[in-house]
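The structure appears right after this line, and notes come after that.
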Amino acid sequence: MSRPRSPANAAEPLVGVAPLVSRWIERVLAAHEPQLTLGQFLALRAIAAERLTAAELARRTGVSGAAVSQLVAALDQAGWVDRVQAVDDRRRQALALTEAGRSVYRTAARLVHSRVGELLTAFPAPEVDRLGRLLERLEHALGGAPPPRRPPPPPRKRP
């Protein structure tokens, strides 16, 4: 029987698989009509779960405020989101899916879930269940935590 992995050792396969999964999902979404970027899909997914402010969306999706502004503008222009009054603070605006946004998200999610599900059929059901539960917990932990800050650039060398 193998020894249990330490968290640091368990992180290595996650670091390796994360970009592969992202690229794979991007290709699946490119086949969806209308085509979606991974960022658009993840934003629609987060907003479908609950109304969010742009700042909350940035935290949930792990992107910068500027990137979220561009993303929200594109979703708004496509007619997939509306800005509505936040429930907890009428001075703030939250994002909500329009009917068109809900429809686009539902069809894209079905496609992604179906294709990822096909990959997972190679694994025993208990492992798939365990993986799903662990990933839900990891998403919850990461979604509530700010991403790590970038280190400052190295000092410039003077000539």
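Applying 0.36 nm per residue to the separation of Ala109 and Ser69 and subtracting their alpha-carbon distance, the gain on full extension is 12.1 nm. Qualifying GluC sites (Glu not before Pro) in the range 36-106, where qualification requires a DSSP coil assignment and no more than 13 other C-beta atoms within 10 Å, comprise Glu50. With the largest listed first and rounded to whole Å, the semi-axes of the equivalent ellipsoid of the chain from the Cα gyration tensor are 29, 25, 17. With θ taken as phi - 60° and the Karplus curve 6.51 cos²θ - 1.76 cosθ + 1.60 applied, the whole-hertz 3J(HN,Hα) list for the range 43-49 is 5, 4, 4, 5, 6, 5, 6 Hz, x standing for glycine and proline. Residues whose amide H lies under 5 Å from that of Val81, counting only those 5 or more places away or on a different chain, are Asp76, Thr98; hydrogens are built 1.01 Å from N in the peptide plane. For the range 59-73, the residues whose amide N sits under 14 Å from a probe point set 7 Å from the Cα of Ala100 along the beta carbon direction are 73. If you take the Cα centroid of the range 83-124 and the Cα centroid of the range 13-31, the two points sit 18 Å apart. Taking amide hydrogens as placed 1.01 Å from N in the peptide plane, the amide H of Arg92 sits under 5 Å from those of Ala86, each at least 5 positions away in sequence or on another chain.
We did not get these values from a lab; they are worked out from the coordinates using the rules stated. Predicted model, so just to flag it, every value in this text is computed and none were measured. Because the Cβ atoms are built from the backbone with ideal geometry, glycine has one as well, and the counts that use them run over all protein chains shown.
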